[in-house]
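Everything on this sheet refers to the single structure shown next.
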Amino acid sequence: MVMTAEPTTLTPEERAAMIEAVGEFTRTELEPHAQEWDQEKHFPRETIRRGGELGLGGIYVNQEHGGSGLARRDAVAIFEQLAQGDPAIAAYISIHNMVAYMIDTYGDDAQRAEWLPRLVPMETFGAYCLTEPGAGSDAAAITTSAIRDGDEYVITGVKQFISGGGEAGVYVVMARTGAPRQAREPNGSRGITAFIVPDGTPGLSFGPNEKKMGWNAQPTRQVIFDEVRVPASVVLGEIGQGFKIAMNGLNGGRLNIAACSLGGAQWALDRAVRYVHERFTFGEALAEKQSVVFTLADMAAELRAARALVRDAAIALDEKDPDAAAHCAMAKRFATDAGFRVANEALQLHGGYGYLQEYGIEKVVRDLRVHQILEGTNEIMRLIVGRHVLEGGN
């Protein structure tokens, strides 16, 4: 059964208070430690759990199930604010929320009762398992299998690039319960089912933490299923509904990652503005040079345009617009490209200092680069949008 409820509508005053509370958490709990976490590859479990006390673990989980029940238009504002403190941690909180959303929306009463009281306050972390070593952008090509054996399913396969792998208490796993996709069948998504797999289930193990360019503050591992036996009661939604569940989750995930790009880039732009006022060359401040002024103007314009696209896509998702998936893809493509460009320009404006760790700019550049790849590469986003346009969409 799919559970839906109208999101909570905030007054302008309530929204401002919410953003201020998240901003305070960002300034005091995330930003002062982001560099250290990145350098030490430290996953700040207790800090994230303190975010759970603010309601950050169930941002759009229904209020009747303990969540905040917020609209997506408010959620993207939260993720932008969090990313100004640490894009890597903001992105992990987004993934955690995707897991909570899936269980809240598609789970049965028993599944919600078991997991949401732990996920919403972030006492337990969630992880989302879709991508495989041989199935990234082509998600319908997954080969992880779930074979029925009496009242159980036996899951076998490997998931790749899983944020929170080894740290999460619960994994939402997409596995094939139907026949493998045939060459003449371009869409094999009907045979995919979602499962809720608790940590500690026999046969569940993890690869080493990946050595990455960025996002060092959150663990990324393979999640390995070696004949993992789970009861049929952990099927999320209906048999064969897994691909739909995965794609619906990704619509919101793409908006959140777009918002994280905005937050990280805005932080970098603010630092660049401060720096060009303080830095003098050839007898004048960098801020007096026309080329610098033009660069800052372009950076600000790109972020404002990206923010408008993200806002409009969030409204489309809230209003269940039939074109929402294309709007989310468009916003994700534009905002993550713009965010990376702005952060990279901020590094350039800092000159050699931008390349030093102590200024923090190079970390944001590294963190934002992966946003153009995950939740569907930006090439795939262009494919989604292009097909939508060819079909008469706008």
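The values are calculated or read from the model by the stated rules, or taken from the named source; none is laboratory data. Predicted model only: the values in this text are computed from it and were never measured. Here the Cβ is made from the backbone with ideal geometry for all residues, glycine too, and neighbour counts use every protein chain on show. For accessibility, only protein heavy atoms count, side chains too; no ligands or nucleic acids. Shrake-Rupley method; radii C 1.70, N 1.55, O 1.52, S 1.80 Å.
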Can you confirm whether segment 164-186 contains a residue that is at pLDDT 95 or above, more than 17 Å from Ala246 (Cβ to Cβ) and among the acidic types (Asp, Glu)? yes
How about segment 297-327: which of its residues are over 18 Å from Asp74 (Cβ atoms) and surrounded by fewer than 20 Cβ atoms within 10 Å (Cβ to Cβ)? Ala297, Asp298, Ala300, Ala301, Arg304, Ala305, Pro322, Asp323
Can you pull out the residues in segment 375-394 that are at pLDDT below 95 and closer than 25 Å to Asn216 by Cβ? Glu375, Gly376
Scan segment 274-283 and give yes if some residue there is modelled with pLDDT under 95, farther than 22 Å from Glu362 by Cα and open to solvent by 70 Å² or more (accessible area, probe 1.4 Å), otherwise no. yes
Might you check whether a residue that is over 30 Å from Pro208 (Cα atoms) and surrounded by 20 or more Cβ atoms within 10 Å (Cβ to Cβ) occurs anywhere in segment 286-293? yes
Failed criterion for Ala127 (all others in (1) within 22 Å of Pro219 (Cα to Cα); (2) assigned to a helix (DSSP H, G or I); (3) of a type in the set (A, V, I, L, M) hold): (2)
Please work out which residue is nearest to Phe334 (Cα to Cα), limiting yourself to segment 310-319 and to residues that are over 17 Å from the mean Cα position of the chain (by Cα) and assigned to a helix (DSSP H, G or I). Asp312
Can you name every residue in segment 309-325 that is without any contact (Cβ under 8 Å) to a residue 40 or more places away in the chain and among the basic types (Lys, Arg)? Lys320
Selection within segment 335-364 - within 15 Å of Ala259 (Cα to Cα) and open to solvent by less than 50 Å² (accessible area, probe 1.4 Å): Ala335, Thr336, Asp337, Ala338, Gly339, Phe340, Val342, Ala343, Val364
Of everything in segment 1-56, what is of a type in the set (A, V, I, L, M), modelled with pLDDT of 95 or more and closer than 30 Å to Gly242 by Cα? Give them in sequence order. Ile48, Leu56
Which residue out of Ala232, Ala297 is closer than 25 Å to Lys332 by Cβ, of a type in the set (A, V, I, L, M) and modelled with pLDDT of 95 or more? Ala297
Residues in segment 49-71: is at least one closer than 24 Å to Arg15 by Cβ, open to solvent by 10 Å² or more (accessible area, probe 1.4 Å), in contact with a strand residue (DSSP E or B) (Cβ under 7 Å, 6 or more places away or on another chain) and aromatic (Phe, Trp, Tyr)? yes
If Ala141 satisfies every condition in (1) more than 22 Å from Met381 (Cα to Cα); (2) of a type outside the set (Val, Ile, Thr); (3) touching a residue at least 24 places away in the same chain (Cβ under 8 Å) but one, which is the exception? (1)
Flagged in segment 187-210 as at pLDDT 95 or above, part of a loop (DSSP other than H, G, I, E, B) and either under 24 Å from Phe243 (Cα atoms) or open to solvent by 20 Å² or more (accessible area, probe 1.4 Å) (or both), in numbering order, are Asp199, Gly200, Thr201, Pro202, Gly203, Pro208, Asn209, Glu210
When the residues of segment 211-258 are narrowed to those that are without any contact (Cβ under 8 Å) to a residue 60 or more places away in the chain and in a loop (DSSP other than H, G, I, E, B), which ends up surrounded by the fewest Cβ atoms within 10 Å (Cβ to Cβ)? Lys211
Residue set Met98, Met122; condition of a type in the set (A, V, I, L, M, F, W, C), touching a residue at least 40 places away in the same chain (Cβ under 8 Å) and assigned to a loop (DSSP other than H, G, I, E, B); output residue Met122
Could you list, in sequence order, the residues of segment 51-78 that are out of contact with any helix residue (DSSP H, G or I) (no Cβ under 7 Å at 6 or more places or on another chain) and of a type in the set (D, E, K, R)? Glu53, Glu64
Working carefully through the options Ala83, Ala77, find the one that is open to solvent by less than 10 Å² (accessible area, probe 1.4 Å) and within 17 Å of the chain's Cα centre (by Cα). Ala83
Could you tell me which numbered condition Ser261 fails, if it satisfies all but one of (1) open to solvent by 10 Å² or more (accessible area, probe 1.4 Å); (2) in contact with a Pro (Cβ under 8 Å, 6 or more places away or on another chain); (3) of a type in the set (S, T, N, Q)? (1)
So which pairs qualify, if the first residue must be in segment 39-55 and among the charged types (D, E, K, R), the second must be part of a helix (DSSP H, G or I) and open to solvent by 10 Å² or more (accessible area, probe 1.4 Å), the Cβ gap must be under 7 Å, and the two must be at least 6 apart or on different chains? Arg50/Glu29
Is it the case that Leu10 is within 24 Å of Asp318 (Cβ to Cβ) and over 22 Å from the mean Cα position of the chain (by Cα)? yes
